[in-house]
Structure formats: structure tokens, C-alpha cells
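I have placed the structure first, in the form of C-alpha cells, so that the comments after it can refer back to it.
The values are calculated or read from the model by the stated rules, or taken from the named source; none is laboratory data. These numbers come from a predicted model, not from an experiment. Using ideal geometry, Cβ is built from the backbone for each residue, glycine included, and neighbour counts are taken over all protein chains shown. For accessibility, only protein heavy atoms count, side chains too; no ligands or nucleic acids. Shrake-Rupley method; radii C 1.70, N 1.55, O 1.52, S 1.80 Å.
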Amino acid sequence: MSFVDDKPKILIVEDSLPLSRYLAYIIQQNGYNTIEAETGTIALEILGSNQIHLVLLDLILPGISGLDVLQEMKNQPELSQIPIIVVSGASNEEMISTCLEAGANDYILKPFNPKHFLFKVKNLLRFMEVNHHLQLLLKDQKNLKNQFQALSNDLNEIIENAPVAMLVTDYNGVVKKINRTGAEMLGLNEHTEL
């Protein structure tokens with residue numbers, strides 16, 4: 001999920017055209033791109049062919065339900081990390097819990113306050129961007145650690161096989177390692193404690 005190349009793209013999955021257009025308007029006015037899908041089937045097709053940063057998902061859709069779309073997204077590795085906000089009129093606690101347990105990041109009840117709605121969208125996108133950058137940093141850290149270990153191994157091999165005597169000391173000058181040539185010159189063997 002990259003936020004660097006372009007503005008975040010939000011998929012609106014809503015069968016009510018007026019509400020879908022209203023959500024798109026609010027989102028576009030705040031600098032985001034939108035794609036609209038009126039069915040779950042169309043939403044899954046769009047998800048398979050576009051880089052989507054957030055899905056706004058109604059539950060009651062023609063054909064497959066929003067809950068089915070949510071579960072399908074979480075079962076597909078390439079879609080499972082896309083955040084989902086369920087936007088629904090279903091206000092019973094059981095449905096809200098079911099959606100959140102299935103992997104939705106948030107649940108907004110219709111009708112909603114546009115400012116609160118936008119606040120949740122922005123916060124979730126900001127969280128996902130920070131998380132994305134953190135994952136990149138962790139990957140870089142792991143790569144640096146592996147490079148350091150490889151260089152350390154190479155240096156130890158160079159020291160050990162050098163044709164001249166070499167000593168490795170700590171900051172206090174205490175000998176911590178001596179190579180083969182140095183050990184031979186001093187008459188030491190591998191059992192000699194330094």
C-alpha cells in the first residue's frame with residue numbers, strides 16, 4: 001500500500017446511488033480519489049484490478065452481501081491488508097460485533113455526521129500510512145542487520161586467515177581474539193585462554 005505516488009483511492013461500495021455520490025463528494029472535496037461500486041461482485045472486481053487504500057462498505061447489497069465482501073477480502077492475502085469501514089444502517093450490536101470480528105476496522109451507523117465520518121476516514125488512512133512506513137523501516141532495519149552480520153563474518157574470516165599476526169582488543173586494550181598466524185607466533189593453541 002503506497003501513499004507516496006498518488007492520492008489515496010477509496011472504494012465506495014453502496015447500492016444507493018444518491019448516498020454513494022454524497023460519500024464520493026465528501027471524500028473528493030478533501031483530496032481523495034474515489035471509485036464507486038453498487039454491488040459486492042463489482043467491488044471485488046475493482047479490488048482485483050486497482051490499488052485501493054480504503055473500502056467504505058455497506059452491508060445490504062444486491063447479490064453478495066457486504067459481510068461476504070468483507071470476509072472474501074480478509075481471505076485473500078492481496079486484499080486482506082486493505083482497511084474497511086462498514087457504513088450501514090444495521091444498528092444491532094450483534095451485526096456490529098460480527099463485522100468487527102470479521103476484520104472491519106470501523107463501523108459507522110447511517111445516518112452519520114459528515115464531519116465525524118470524514119474524521120474517521122482521515123484517521124484510518126493516516127494510521128495505515130504510518131503503519132506502511134513503519135513496515136518499510138523494519139524491513140530496512142532487518143536488511144541492515146543482515147548486511148552488518150555478513151560484513152562481520154567477512155571481517156572475521158579476513159582476520160583469521162591473514163598471513164600476518166592480528167589481535168582484536170576491546171576499548172581497554174584487552175585481547176579478545178588472535179588469529180592463527182598470531183597464535184602460532186606466540187606458541188598458543190585453540191585451548192589457550194586469552
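One residue stands out in the stretch 111-139 among those that are farther than 29 Å from I26 by Cβ and of a type in the set (A, V, I, L, M): the one that is most open to solvent (accessible area, probe 1.4 Å), namely L137.
Is it the case, given these coordinates, that S49 is of a type in the set (G, A, S) and open to solvent by less than 60 Å² (accessible area, probe 1.4 Å)?
On the way: of a type in the set (G, A, S): yes; open to solvent by less than 60 Å² (accessible area, probe 1.4 Å): no.
No, not satisfied.
Conditions (1) open to solvent by less than 30 Å² (accessible area, probe 1.4 Å); (2) farther than 15 Å from A104 by Cα; (3) at pLDDT below 95, marked per residue:
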site: L56; (1), (2), (3): yes, no, no
site: Q71; (1), (2), (3): no, no, no
site: I84; (1), (2), (3): yes, no, no
site: G89; (1), (2), (3): no, yes, yes
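For F148, the conditions (1) open to solvent by 50 Å² or more (accessible area, probe 1.4 Å); (2) aromatic (F, W, Y); (3) at pLDDT 90 or above are fulfilled apart from (3). Among the residues making up the stretch 157-194, those that are touching a residue at least 12 places away in the same chain (Cβ under 8 Å), part of a helix (DSSP H, G or I) and open to solvent by less than 70 Å² (accessible area, probe 1.4 Å) are I159, E160, T181, G182. Condition first: touching a Cys at 6+ places or on another chain (Cβ under 9 Å) and modelled with pLDDT under 95. Can you find one or more residues in the stretch 92-115 that meet it? No, there is no match, as no residue in the stretch 92-115 is touching a Cys at 6+ places or on another chain (Cβ under 9 Å) and modelled with pLDDT under 95.
Based on this model, can you work out whether I64 counts as farther than 27 Å from V130 by Cα, open to solvent by 30 Å² or more (accessible area, probe 1.4 Å) and of a type in the set (A, V, I, L, M, F, W, C)? So that I can check it myself, show each step before the final result.
Values: farther than 27 Å from V130 by Cα: yes; open to solvent by 30 Å² or more (accessible area, probe 1.4 Å): yes; of a type in the set (A, V, I, L, M, F, W, C): yes.
Taking the combined requirement at face value, the residue satisfies it.
Of all the numbered requirements in (1) modelled with pLDDT of 95 or more; (2) part of a helix (DSSP H, G or I), I10 misses one, and that requirement is (2). Regarding the stretch 100-110, can at least one residue be identified that is basic (K, R), more than 16 Å from D58 (Cα to Cα) and open to solvent by 50 Å² or more (accessible area, probe 1.4 Å)? No: the stretch 100-110 contains no residue that is basic (K, R), more than 16 Å from D58 (Cα to Cα) and open to solvent by 50 Å² or more (accessible area, probe 1.4 Å). Restricting E129, E184, E157 to those that are of a type in the set (D, E) and within 30 Å of P83 (Cα to Cα) reduces the list to E129.
Apart from one condition, K142 fits all of (1) part of a helix (DSSP H, G or I); (2) open to solvent by less than 70 Å² (accessible area, probe 1.4 Å); the exception is (2).
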